[in-house]
1. Projecting each Cα onto the charge dipole of region 121-170 (Lys/Arg +1, Asp/Glu -1 at the beta carbon, about the Cα centre), which of Val159, Phe137, Pro170 comes out farthest on the positive side?
2. What accessible area, in Å² to the nearest ten, does a 1.4 Å probe give for Arg72?
3. For Lys90 and Ser110, calculate 0.36 nm times their separation in residues minus their Cα-Cα distance, and state this gained length in nm to one decimal.
4. Based solely on C-alpha atoms, express the radius of gyration and the Dmax of region 41-92 in angstrom.
5. Calculate, axis by axis, the spread of Cα positions in region 16-71 along the three principal axes, and write the results as whole Å, longest axis first.
6. What's the FRET efficiency of Arg57 with Phe100 using the Cβ-Cβ distance as r and R₀ = 30 Å, to the nearest 0.05?
7. Between Leu158 and Asn120, 0.36 nm times their residue separation minus their Cα-Cα distance comes to what?
8. Going through the cross-link list Lys82/Lys116; Lys86/Lys154; Lys18/Lys154, which pairs have a Cα-Cα distance over 21 Å in this structure?
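The values are calculated or read from the model by the stated rules, or taken from the named source; none is laboratory data. Everything numeric in this text was worked out from a predicted model, so none of it was measured. FYI the Cβ positions are ideal-geometry reconstructions off the backbone, even for glycines, and counts take in every protein chain you see. Note: areas computed on protein heavy atoms with side chains; ligands, DNA, RNA excluded. Shrake-Rupley method; radii C 1.70, N 1.55, O 1.52, S 1.80 Å.
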Amino acid sequence: MLTIVFFAAAEKSHAAIKTIPLDSLVQHYDLNSDRRSSGLFVCPETLDYALFQDTQRALTSTLSTTTLPDFRHNNRYCFVAKLVNKTHEKNWVLHFSNLFINDISVLIYSINGEKKYHSNLSEGVTDEALNVFGRAFYIDLNPNEDYTFIFELKSNSLVSPPYFSIMTEPSYHQWSYTIGLTFNLAVGVVLGFILMAFLSAGVMKDITFFGSDFHLY
């Protein structure tokens, strides 16, 4: 099933960042529009755990957040979310649905320390996996453990609104297979119509040619 997400409102206002429980093995958790997250905001110069603490304070006062970033005016946007894994599944996938974002950095903090993930397609495929709609990172989340996620998105041009979500690895594979199959089928149908158009043009040309010969006799 193909899900299309419409972003109706650009600005978001939050009282504080709240923990999002991951309690379903099949749900795709839309992080960007979840009101318990920070929303996107212009990044400070440095990206570390202190950003989360500063963001917590700023969200109660003057920090401006959005779901529709304008990378033409600010080429770096950040995002903060707190998650806790309430399932027995340890293997999860963090998915970003926009290939036009040049650079994605992910920092994940827990009681066990810090993990970093990075993707820059101009440098080739490294930590990420590619799918029809974007990029994904395979991550481990221990059951009943709290995590703080910090994202940094970079781009220098006009891009469509980024959409990012988290889901279990089995759910991601099923979703990725389905959208890949749908995409390939759609491309095949379009190419089939193009081929039929060329064949029809060729047949009509032959009919016109033979019709002209017939009138000559």
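1. Val159
2. 150
3. On the way: separation 20, 0.36 × 20 = 7.20 nm, distance 1.42 nm.
Extra length from Lys90 to Ser110 when fully extended: 5.8 nm.
4. Taking only Cα atoms of region 41-92, I get Rg and Dmax of 14.0, 43 Å.
5. 36, 25, 21
6. Numbers: r = 32 Å, r/R0 = 1.08.
In this case the efficiency is close to 0.40.
7. Working: separation 38, 0.36 × 38 = 13.68 nm, distance 1.71 nm.
Extra length available between Leu158 and Asn120 comes to 12.0 nm.
8. On the way: Lys82/Lys116 16 Å; Lys86/Lys154 31 Å; Lys18/Lys154 25 Å.
Beyond 21 Å: Lys86/Lys154; Lys18/Lys154.
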